[in-house]
Amino acid sequence: MLGDINSIMDFGKQAQYLRETDQSAYCLLKRIFKFDSQIGYQVIPDSFQKKVLDYFGRRDASGNIIEPLEEVVERIEKQKIIKITNRWTGESTLFNSLRADRPGIKGADLEKEKKYVLQLIQKSEEGCDFCQAEKYTPEDVFGRIKGKYSITAANIAKYDVWSSLVIFKDHNPLNFSLDEFDDYLKTSFTWFEAVYNHHPQFIFPFFIWNCMPRAGASQIHGHCQMLMSKEPYGGVETLMKAGHDYKKKVGADYFNDLYQVHHSLGLSHENEDTHFFANITPLKEKEVVIISKNPFKDFQSKKTIFKILRCFIDVMGVFSFNLSISCPSLNKKEKFPYIIRIVDRGSLLKSTADMGGMELYGSSVVADDPYKIINILKDVF
Ligand SMILES: [Zn+2]
């Protein structure tokens with residue numbers, strides 16, 4: 001890694017450095033990703049300059065603008081855009097210097113959001129059906145799986161034929177310990193096996209945690225979604241196909257090489273034998289990818305995911321997130337690792353959605369710098 005470069009905005013320099021110092025790492029990078037760095041120009045009329053200073057000027061702690069007008073205008077008039085595309089999955093992301101430059105959540109905003117989230121959670125406890133899950137949720141035809149800190153329920157409005165929930169004992173979705181998290185995953189895997197035993201054509205488990213309404217949860221009470229399908233879902237199939245095509249054309253393991261690329265860019269870390277990285281084609285803010293042995297059974301993997309999640313919540317102030325676990329089939333015919341992806345869905349105080357037409361139909365537009373994310377994560381491991 002190029003030591004003094006610590007920003008995705010210097011991706012071009014980073015790639016150049018790899019090219020000069022580590023040919024094989026550079027080849028791997030080029031084999032998996034396409035990338036480009038360009039400047040987008042525009043002109044700010046004089047009449048608009050004061051407003052631009054007010055909107056974008058850097059401020060000190062007390063809110064006074066500390067950046068000269070010319071510098072702010074120059075930053076807006078010349079915006080650096082980094083575009084990175086994964087050749088095998090088609091995932092692509094645009095990073096913009098102006099967006100990446102924005103200060104993170106300020107202390108005061110974070111405190112405000114924390115207070116708001118706490119109130120929201122407390123208020124939702126009144127009349128919460130999931131607090132009395134056995135009374136007020138449907139159960140699967142084979143009954144419920146009961147863990148120490150969780151219980152399963154069928155999803156009242158099913159996503160698919162086999163679509164159920166693992167409901168936490170604790171109402172507060174952000175308040176989980178390693179023991180509790182371990183239990184949620186254990187209970188989920190027992191449910192996957194129960195479905196498989198009951199209906200053996202359904203072999204592909206899929207797990208998602210939509211935490212808080214901004215991430216798609218209709219109930220605040222802590223819960224995750226469990227699904228079993230005959231064929232992998234589209235998103236999972238794209239990953240499997242990437243692995244399959246890569247093996248066929250390159251003769252190597254795609255997921256291992258994907259990790260190696262992030263490793264050579266200084267964007268990875270490992271905890272025991274669980275590898276993770278801050279994705280250079282994140283779907284949305286702060287995306288972290290974990291490649292693991294079975295996270296439902298392997299305690300080290302669970303611990304790694306748990307620590308990353310706690311860091312998101314406790315250190316980065318992320319209260320709305322999606323976590324997904326793409327799994328190989330239960331009869332393990334294909335060689336596919338468990339892939340865990342976690343993404344931040346933005347502040348609950350914001351009324352604008354974090355995703356728009358670009359993300360749905362074009363490319364992800366992301367502000368958070370993967371280098372910042374991996375550095376924060378490295379500190380907690
Ligand atoms: Zn509840």
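Of note:
- Links that overshoot a 32 Å alpha carbon limit, given the list Lys30/Lys158; Lys112/Lys293; Lys293/Lys378; Lys241/Lys302: Lys30/Lys158; Lys112/Lys293
- Distance (nanometres) between label positions extended 7 Å along Cα→Cβ at Val141 and Asp54: 6.4
- On the principal axes of its alpha carbon atoms, the stretch 224-381 extends 45, 36, 31 Å, with the longest extent given first.
- Residue of Arg99, Arg58, Arg214 that the Gaussian network model of the chain assigns the largest fluctuation, springs spanning Cα pairs under 10 Å: Arg58
- Cα gyration tensor category, rounded, prolate or oblate, for the stretch 270-361 with a/c compared to 1.5: oblate
- Backbone N within the stretch 161-202 under 18 Å of label point (7 Å from Leu120 Cα along the Cβ vector): 171-176
- The ranking of Leu165, Leu120, Leu239 by Cβ neighbour count inside 10 Å, starting from the fewest, reads Leu120, Leu239, Leu165.
- DSSP-assigned coil residues among GluC sites (Glu not before Pro) in the stretch 218-288, each with at most 15 further Cβ atoms within 10 Å: Glu272
- Shape analysis of the chain places it in the oblate category; the axes a ≥ b ≥ c from the Cα gyration tensor give an a/c of at least 1.5, with a/b not above b/c.
- For Lys83, a cut-off of 12 angstrom between C-alpha atoms picks up these aspartates and glutamates, skipping any fewer than 8 places away in its own chain: Asp10, Asp36, Glu91.
- Estimated dipole of the chain in Debye, rounded to 20 [Cβ of Lys and Arg +1, of Asp and Glu -1, Cα centre]: 640
- Restricting attention to the chain, close to 95% of DSSP beta bridges with both partner residues there are antiparallel.
- By the count of other C-beta atoms within 10 Å, a proxy for reagent exposure, Cys224, Cys128 are ordered fewest to most as Cys128, Cys224.
- No Cys partner within the rule (Cβ under 4.7 Å), the chain: Cys27, Cys211, Cys224, Cys311, Cys327
- Prolate/oblate/rounded call for the stretch 85-165, Cα gyration tensor, a/c under 1.5 rounded: oblate
FYI, it's all coordinate maths here, none of it is from the lab. This one's a predicted model, so the numbers in the text were calculated from it and none came from an experiment. Cβ: placed from backbone, ideal geometry, glycine included. Neighbour counts: every protein chain shown.
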